[in-house]
Amino acid sequence: MFSVEIKSERDEDVCLLINVQNHSYNYICDCGEAKALSAKECRNTKAIFLSHTHIDHFINFDKLLRHQIGTEKKVTICGPAGITDQIQHRIKSYCWNLIEAGAVTYEIREIKDTSTYSITNLNPPLWEKEEVAVCEQESIFTEKDFSVEFEILDHKTSSIAYLFRAEDKLKINLKDGFKGGKWISELKNAYILNDENKVIQIEEKEYLAKDLFPMVSIIQGKRLGVIMDHAASHDNHIKIKNKFTHCDDVYIECFYKNEDKELAVKNYHSYAAMSGSIMKECNVKNAIPVHYSRKYDATELDELITQFDKAYKL
Ligand SMILES: [Zn+2]
Ligand SMILES: [Zn+2]
C-alpha cells in the first residue's frame with residue numbers, strides 16, 4: 001500500500017518520500033537536505049508532513065517551492081503550531097513581482113492540539129493568510145484509501161509524529177459452493193451498516209444477511225508511522241505506544257549512539273537503544289532507524305544501527 005524511499009543519504013538531513021499504491025501523487029515527510037529528491041518528485045507532491053521546523057527538517061522546503069511554482073496545484077502542508085507563519089515568512093522572503101496568479105496554492109494545516117487544526121491558504125502574489133476553517137478531528141489528512149493521524153511529541157518544541165492508515169477492507173470467503181456476483185457488494189454494505197435482516201438474493205435463493213456474515217472477514221489496512229525528533233521520555237513513549245503499536249512499518253529518529261545518551265537528554269532527542277526498544281515494545285513489524293547526528297563517521301553510524309537492531313530484535 002505505502003512504499004517509502006529515504007531520499008536523504010546517511011550524512012544528509014532527513015527526507016522521506018511516500019508513494020501510495022494506485023495514487024499518481026506522492027507525499028513527503030520532512031524537508032531535510034536530500035540531493036536525491038528530484039524536480040519531478042517535488043512537482044508531484046500532493047502533501048508535505050513536517051514534524052517541526054528545526055533547520056535540518058525544513059531547509060529543503062525552498063527546493064519544493066521552486067519546483068511547485070507553476071504547477072497550478074494545491075499542495076497541503078501539515079505541521080506544528082506556528083507553521084503557517086513560518087511558511088508564509090519563508091515564501092515572502094522572495095520577490096514575486098512576475099508570478100502568475102494561481103501558480104500554486106499552499107493549504108497549511110496547523111496543529112493546535114491533539115484533535116484541532118486550522119486551515120489557512122496562501123496564494124501568490126501577496127501570499128496573505130486566507131483563513132479557511134478550524135477543524136476538530138483526529139485525521140489531519142484524508143485521501144482515497146488512506147488517512148493520516150498525528151501525535152504531538154515533546155522535543156523542547158512540538159514535534160509531530162504521523163501515522164498513515166490505509167482503510168480496512170472487507171473480504172468475503174466463499175464457501176459451501178457460493179459463487180461471486182453482485183450480492184458480494186450487497187453483503188459488504190449490509191455488514192458495514194450491521195443490517196442483519198437485509199434480504200440478499202444469490203442466484204434463485206434469498207438469504208438474510210446475518211446468515212451470510214460468517215463469510216465476511218476484515219483485512220486490516222497497512223499502517224505506516226513516521227516518528228521524528230523526540231525526547232526519550234516516559235510521556236513521549238506512552239504516546240508512541242498508544243499510536244504506533246502493531247504498525248507494519250515505522251521510521252524512527254535515532255540521532256545518537258548509546259554512548260551519547262547525555263547529549264540525547266540535553267537536546268531532547270532519542271538514542272539508538274531507546275528507539276529500538278520502544279519499537280520492540282510497540283510490536284512494530286518493521287522498524288527502520290533514520291536521522292543521525294552529523295558528528296558520526298560511517299563506522300560509527302554502522303555501530304549506531306547495530307545498537308538499534310540489538311534493542312529492537314532482542
Ligand atoms: Zn529537532
Ligand atoms: Zn532533527
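Give me the angle, in degrees from 0 to 90, between the Cα long axis of helix 298-313 and the longest principal axis of the Cα atoms of the chain, rounded to the nearest 10. For helix 298-313, the angle is close to 30 degrees. The trypsin sites (Lys or Arg not before Pro) found in segment 172-202 that occupy coil by DSSP, while having at most 16 further C-beta atoms within 10 Å, are Lys175, Lys179, Lys182. Segment 261-293 and segment 140-194 have Cα centres lying 29 Å from one another. Remark: segment 141-152, residue by residue, has Karplus-estimated 3J(HN,Hα) of 8, 10, 10, 3, 6, 8, 9, 10, 9, 9, 9, 9 Hz, where x stands for each Gly or Pro and the curve is 6.51 cos²θ - 1.76 cosθ + 1.60 at θ = phi - 60°. Where both bridge residues fall in the chain, DSSP classifies roughly 70% of the beta bridges as antiparallel.
Relative to the longest principal axis of the chain, what angle (0 to 90°, nearest 10) does the C-alpha long axis of helix 272-281 take? Value to nearest ten degrees: 10.
For Ile77, the residues 5 or more places off, or on other chains, whose built amide H falls under 5 Å of its own are Ile48, Glu107, Ile108, Arg109.
Over the C-alpha atoms of segment 1-166, the Rg to Rh ratio, Rh being the Kirkwood estimate, stands at 0.93. Counted without the sites themselves, the longest stretch of the chain free of GluC sites (Glu not before Pro) in a DSSP loop having at most 16 other beta carbon atoms within 10 Å is 205-314.
Taking the DSSP beta bridges with both ends in segment 192-287, the antiparallel portion is around 35 percent. Close amide-amide hydrogen proximity is noted between His230 and Ser270, each under 5 Å apart and 5 or more residues distant or on a separate chain (H modeled in the peptide plane; Pro and chain starts excluded). Checked against a 27 Å cut-off, the cross-linked pairs Lys74/Lys169; Lys243/Lys295; Lys156/Lys257; Lys73/Lys188; Lys73/Lys295 give Cα-Cα distances beyond that limit for Lys74/Lys169; Lys243/Lys295; Lys73/Lys188; Lys73/Lys295.
A Cβ-based charge dipole, computed about the Cα centre of the chain with Lys and Arg at +1 and Asp and Glu at -1, lands at about 480 debye. DSSP bridge analysis restricted to segment 1-166 gives an antiparallel fraction near 75%, rounded to the nearest 5. Relative to the 2.2 N^0.38 Å rule of thumb, the chain has a C-alpha radius of gyration ratio of 1.16. When a/c reaches 1.5 or more, the comparison of a/b and b/c decides; with that in mind, is segment 85-235 rounded, prolate or oblate per its Cα gyration tensor? Because a/c hits 1.5 or more and a/b exceeds b/c, segment 85-235 counts as prolate.
Only the coordinates and a few stated rules stand behind these numbers; no lab work does. In this text the structure is predicted, and so the values were computed from the model without any measurement. Counting neighbours? That spans all protein chains shown, and the Cβs are built from the backbone with ideal geometry, glycine included.
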